[in-house]
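Reviewing the structure listed below.
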Amino acid sequence: MGKDYYKILGVEKSATKEEVKRAFRKLAHEHHPDKGGNEEKFKEVNEAYQVLGDEKKREQYDQYGTTFDQAGGGGFGNFNDFYSNMNFEDLGDLFGNMFGGGGGRGRQNRGQDILVDVELSFKESIFGVEKELSLTKNQACERCGGTGGEPGTKMKTCDDCKGSGMRIVTQRTMFGNIQSRTTCASCGGNGETPENKCTTCNGTGTEYKRSTLRVNIPAGVEDGNRIRVRGQGESMGSAGGNGDLYLQLRVQADKRFERQGDTIYSVKRIGFTQAALGDDVMVETVDGSVKVKVPAGTQPGDKLRLRGKGVPSGRSRGDHIVIVQLVTPKKLDRNERKILEELNLREV
């Protein structure tokens, strides 16, 4: 009788290809023999994935059900068949994680990335600013310049990798011995090591210390934006390159303004007479106060557009929209009340 591959992987028949892969990886980790798991169960899980992870085989399996093997669907009745049909590309990430490698994909050694929060005022986010940051991190050793050797010392061929910068690592798996190439830990892939180690960093090429860095924040950034500064993360010295520095931007709110894309909005309160007869009023913008003409007959909620006073974008700038808010007097003296009664300004 054929096997229920869906049940083996613990997924529904409607499961997507990604859900099938996630289920397989979880069970493969759990049952892998090198991690103390059940080898037979591991084979069964792999067999199920080789069918359900392949669209054509899965279609045939769904069509013929428990007679999938007899229908020529490519079932794996024994382990040798399974081994010869296995898609190792799908398993690359799995084995890379298990054995500490990169799944067959070379990866350059580099230091850790760093993430720091940077606070900006609203105006700084609009026009950009240069910020000075103080960071404590692993940096290239000043004495040896990151080489790991005493100044003036000669370099020699690495004893471990014989100058190739790479080492062949053999790992025992249930499929036999698997060889992989990894960066030499002794020389960091350089193929050379110093004859005399640096007395400051003891040959690591790095030292942990505090330093200052000036970074430019471009104009027009928004709250939550992240900026990458290449090569300003932690250093690996002679063992590799630097990581990157990421700036997480936090823009402080400004009660005078609200931003939507490249447009800035603000509210201007005016009196009844100003709205009816028109007036020139001063309006706050990110460029400072500017004089704005309020047309006669302006209504509450009307918008006055100040072109080019918004957020910079490329070679141009967005606009600043002023929303008019009409202020109705709360206290009137006798003469003011009499004048308004005589005007009898009612909507007709």
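Of note:
- Candidates VAL292, VAL286, VAL267, filtered to the one that is closer than 18 Å to GLU222 by Cα and assigned by TED's automatic domain parsing to the domain that holds VAL324: VAL286
- Only listed residue being surrounded by 14 or more Cβ atoms within 10 Å (Cβ to Cβ) and within 30 Å of SER125 (Cα to Cα), chosen from ARG307, ARG317: ARG317
Matching residues to (1) at pLDDT 95 or above; (2) of a type outside the set (Ser, Thr, Tyr); (3) surrounded by fewer than 17 Cβ atoms within 10 Å (Cβ to Cβ):
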residue	(1), (2), (3)
ASP244	no, yes, no
ARG256	yes, yes, yes
ALA275	no, yes, no
ASP280	yes, yes, yes
GLY301	yes, yes, yes
SER313	no, no, yes
ILE321	yes, yes, no
LYS338	no, yes, yes
GLU347	no, yes, yes
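- Unique match (being touching a residue at least 12 places away in the same chain (Cβ under 8 Å) and closer than 30 Å to VAL311 by Cβ) among GLU195, GLU119: GLU119
- Condition met for ARG250 (under 30 Å from the mean Cα position of the chain (by Cα), surrounded by fewer than 17 Cβ atoms within 10 Å (Cβ to Cβ) and part of a strand (DSSP E or B)): yes
- Sole exception among (1) of a type in the set (A, V, I, L, M); (2) touching a Leu at 6+ places or on another chain (Cβ under 8 Å); (3) in contact (Cβ under 8 Å) with a residue 40 or more places away in the chain for ALA296, by number: (3)
- For region 164-201, a residue qualifies if it is closer than 30 Å to GLU142 by Cβ, more than 36 Å from the chain's Cα centre (by Cα) and either modelled with pLDDT under 75 or not charged (D, E, K, R) (or both), and the qualifying residues are PRO194, ASN196, CYS198, THR199.
- Restricting region 93-113 to residues that are buried (at least 17 other Cβ atoms within 10 Å of the Cβ) and closer than 19 Å to GLN232 by Cβ, the residue that is modelled with the lowest pLDDT is ARG110.
- The residue that is farthest from LEU245 (Cα to Cα), counting only those in region 136-178 that are part of a loop (DSSP other than H, G, I, E, B) and touching a helix residue (DSSP H, G or I) at 6+ places or on another chain (Cβ under 6 Å), is MET174.
- Within region 126-159, the set of residues being among the acidic types (Asp, Glu), over 26 Å from the mean Cα position of the chain (by Cα) and surrounded by fewer than 15 Cβ atoms within 10 Å (Cβ to Cβ) comprises GLU142, ASP159.
The values are calculated or read from the model by the stated rules, or taken from the named source; none is laboratory data. Predicted, not measured: the structure shown is a model, and the values here were computed from it. Virtual Cβ from ideal backbone geometry, glycine too; neighbours counted across all protein chains shown.
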